[in-house]
Amino acid sequence: MSVVWNFAVLGMWLALSSVVANSGAAPQADTSKVPQAGQTNRGSGVPAFPLLTNDCVVFLGGTTTVGDAKHAFLETLLTRRFPGHRLRFRNLGWEADTVFQQERPLNFPGLLDSVKAQRATVVFANFGLMESLRGPEGLSEFTQGYNALLDQITNLTTRIVLLTPFRHEKLHASAQHVAERNKNLEAYIRAIRSLAERRGLPCVDLFQLQNPESASDAFTTLTSDGMHPSSYGYWRLAYEIERNLGLPQAEWSVEIDARGRSYQARGTQLTDFQVSTSTVGFKSVDELLPGPAFRNRDGSLSVPGSRTLRISGLLPGRYVLLIDGVPLYELSHTFWERGRVLPHGPEIKQTEALRDLIVRKSSTFFNYWRPQNWAFLDGDLTSQPSSHQHDNFGVRWFPGEMQTFLPMLAKQESQIDQLARPASHVYELRRIQ
């Protein structure tokens, strides 16, 4: 995939991130427990795309951006990547928004006014899909329009990431029709990449994302209608953005030598390590929560990155692994010696709970920002009797009611901040026969 970086800006972000971390404002993983002889805990490194404490990340775009809030894969990935940073995410996507035009109801704040009102510090912009339908003759106007929009956004924040659209999939259209649309879209994406390069902005090229499974399994097509991402597409899109922004998947592995009474751990910190040739026990606190999983048609989970537990030196027999007292896996000593991938567990459940909470928070914000009763709230029906209290026509009850969303939103965001922090879990392997 292609990413264009402004290394001067990136260096500044890294420096600021270091200042925040050293100030104590952003809690870091506990490294106070030094491994004993024969034991190591290997870290995963510093993120290449830092978000700072109290950052507000805004998503702009059309229908694809709107739909992202209903799945929240990307927001979950970024939230769990920076636990304790008290981040705010605001999806300001609006159906049919383009770089030329963003239609809003009467008296509704415009795009830039909304970005300013949210005090955005980082903007993810996703435009070009609808504009590309105009074909080659609209390319020059698109470039000028996008450049002008970015000029205006830059007046509010210089931390901007450009996302390109997906490629079209052959679902309901002919192969020739899809090929023509993708040819046009590819030209627009080249223009987006050129804009990013000239302006020194990161650019994530999602057009290159393809799915070889889509031809045989409709459940895992990248799009729902040939243009806009499906649930599976949003999942793939989120991980592609994370990877292209230099944020590799956190590796989780624990290798234990029961006979030598030693371990190596990656992606997690182990404490209270106890081992014999028939039992193993330890507490584990991960550096990061795992990324969100995708539930397949058969109910199984696809979890990017592996969580592997390997235990050698055990006595022959069958062993059960309990996590927090719950038995999850029962295997022979030979399987544990080869290494067992752990696709289930409390850490993965915590990530799913985090994503569910983020989806609910996004719904709360949507209902506050885009209320269905906007015409009565601040549009062209504010003079209607139903917009006023029945016993005091001089008082309008909608504005006060809308303010009740703010404490709800603050509470949900506080819960998200807490839930994004990895918890301690007790692992125990017992010989049962």
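Each row is one residue, and each column tells you yes or no for (1) more than 23 Å from Asn91 (Cβ to Cβ); (2) in contact (Cβ under 8 Å) with a residue 60 or more places away in the chain.
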| position | (1), (2) |
| --- | --- |
| Asn107 | no, yes |
| Gly110 | no, no |
| Val115 | no, no |
| Gln118 | no, yes |
| Ala125 | no, yes |
| Gly128 | no, yes |
| Leu162 | no, no |
| Asn182 | yes, no |
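Just one of Glu180, Glu137, Glu141 is modelled with pLDDT under 95, among the charged types (D, E, K, R) and farther than 22 Å from Arg236 by Cα; which is it?
On inspection, the qualifying residue turns out to be Glu180.
Determine whether Glu131 is surrounded by fewer than 18 Cβ atoms within 10 Å (Cβ to Cβ), assigned by TED's automatic domain parsing to the domain that holds His85 and acidic (Asp, Glu). Against the criterion (surrounded by fewer than 18 Cβ atoms within 10 Å (Cβ to Cβ), assigned by TED's automatic domain parsing to the domain that holds His85 and acidic (Asp, Glu)), Glu131 does not qualify. Which of the residues spanning segment 21-67 are touching a Phe, Trp or Tyr at 6+ places or on another chain (Cβ under 7 Å), among the hydroxyl-bearing types (Ser, Thr, Tyr) and at pLDDT below 95? Once the filter is applied, which keeps residues that are touching a Phe, Trp or Tyr at 6+ places or on another chain (Cβ under 7 Å), among the hydroxyl-bearing types (Ser, Thr, Tyr) and at pLDDT below 95, segment 21-67 yields nothing.
Within segment 241-271, track down each residue that is assigned to a helix (DSSP H, G or I) and surrounded by fewer than 20 Cβ atoms within 10 Å (Cβ to Cβ).
In the first step, residues of segment 241-271 are kept if they are assigned to a helix (DSSP H, G or I); the result is 241-244.
If the condition is that a residue be assigned to a helix (DSSP H, G or I) and surrounded by fewer than 20 Cβ atoms within 10 Å (Cβ to Cβ), then Arg243 is the only one that fits.
Exactly one residue out of Ile432, Ile416 is crowded, with 16+ Cβ neighbours inside 10 Å and modelled with pLDDT of 90 or more, and it is Ile416.
If you go through segment 99-119 and pick out every residue that is under 21 Å from Asn373 (Cα atoms), out of contact with any strand residue (DSSP E or B) (no Cβ under 8 Å at 6 or more places or on another chain) and surrounded by 15 or more Cβ atoms within 10 Å (Cβ to Cβ), you end up with 4.
All told, Arg396 falls short of being at pLDDT 90 or above and not hydroxyl-bearing (Ser, Thr, Tyr). A Cβ distance below 7 Å, combined with a sequence gap of six or more or placement on separate chains, defines the contacts here; from segment 248-262, residues that are farther than 30 Å from Phe49 by Cα reach residues that are of a type in the set (Gly, Ala, Ser) and in a strand (DSSP E or B) in the pairs Asp257/Ser312; Ala258/Ser312.
This table checks each residue for (1) within 27 Å of the chain's Cα centre (by Cα); (2) touching a residue at least 12 places away in the same chain (Cβ under 8 Å); (3) within 25 Å of Arg236 (Cβ to Cβ).
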residue: Phe282; (1), (2), (3): no, yes, no
residue: Arg310; (1), (2), (3): no, yes, no
residue: Ser332; (1), (2), (3): no, yes, no
residue: Phe335; (1), (2), (3): no, no, no
residue: Gly339; (1), (2), (3): no, yes, no
residue: Ile348; (1), (2), (3): yes, yes, yes
residue: Ser362; (1), (2), (3): yes, yes, yes
residue: Asn367; (1), (2), (3): yes, yes, no
residue: Ala375; (1), (2), (3): no, yes, no
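Residues in segment 130-147 that are in a helix (DSSP H, G or I) and either farther than 17 Å from Leu201 by Cβ or without any contact (Cβ under 8 Å) to a residue 24 or more places away in the chain (or both): Met130, Glu131, Ser132, Pro136, Glu137, Gly138, Leu139, Ser140, Glu141, Gln144. Condition check: surrounded by fewer than 16 Cβ atoms within 10 Å (Cβ to Cβ), among the hydrophobic types (A, V, I, L, M, F, W, C), at pLDDT 50 or above and in a loop (DSSP other than H, G, I, E, B). Does Ala96 satisfy that? Criteria met by Ala96.
With respect to Gly200, determine if the residue is surrounded by 14 or more Cβ atoms within 10 Å (Cβ to Cβ) and on the phi > 0 side of the Ramachandran plot. Yes.
Within segment 389-433, the residues that satisfy the criterion of being without any contact (Cβ under 8 Å) to a residue 40 or more places away in the chain and assigned to a strand (DSSP E or B) are Gln389, Asn392.
Test Lys70 against the criterion of being modelled with pLDDT of 50 or more and either surrounded by fewer than 17 Cβ atoms within 10 Å (Cβ to Cβ) or in contact with a Ser or Thr (Cβ under 7 Å, 6 or more places away or on another chain) (or both), and give yes or no. So that I can check it myself, show each step before the final result.
Numbers: modelled with pLDDT of 50 or more: yes; either surrounded by fewer than 17 Cβ atoms within 10 Å (Cβ to Cβ) or in contact with a Ser or Thr (Cβ under 7 Å, 6 or more places away or on another chain) (or both): yes.
Considered against the rule, which asks whether it is modelled with pLDDT of 50 or more and either surrounded by fewer than 17 Cβ atoms within 10 Å (Cβ to Cβ) or in contact with a Ser or Thr (Cβ under 7 Å, 6 or more places away or on another chain) (or both), Lys70 comes out as yes.
Looking across Ala175, Ala187, one residue alone is assigned by TED's automatic domain parsing to the domain that holds Asp113 and modelled with pLDDT under 95. It is Ala175.
The values are calculated or read from the model by the stated rules, or taken from the named source; none is laboratory data. Predicted model only: the values in this text are computed from it and were never measured. Heads up, the Cβs are rebuilt from the backbone with ideal geometry, glycines too, and the neighbour counts pull from every protein chain shown.
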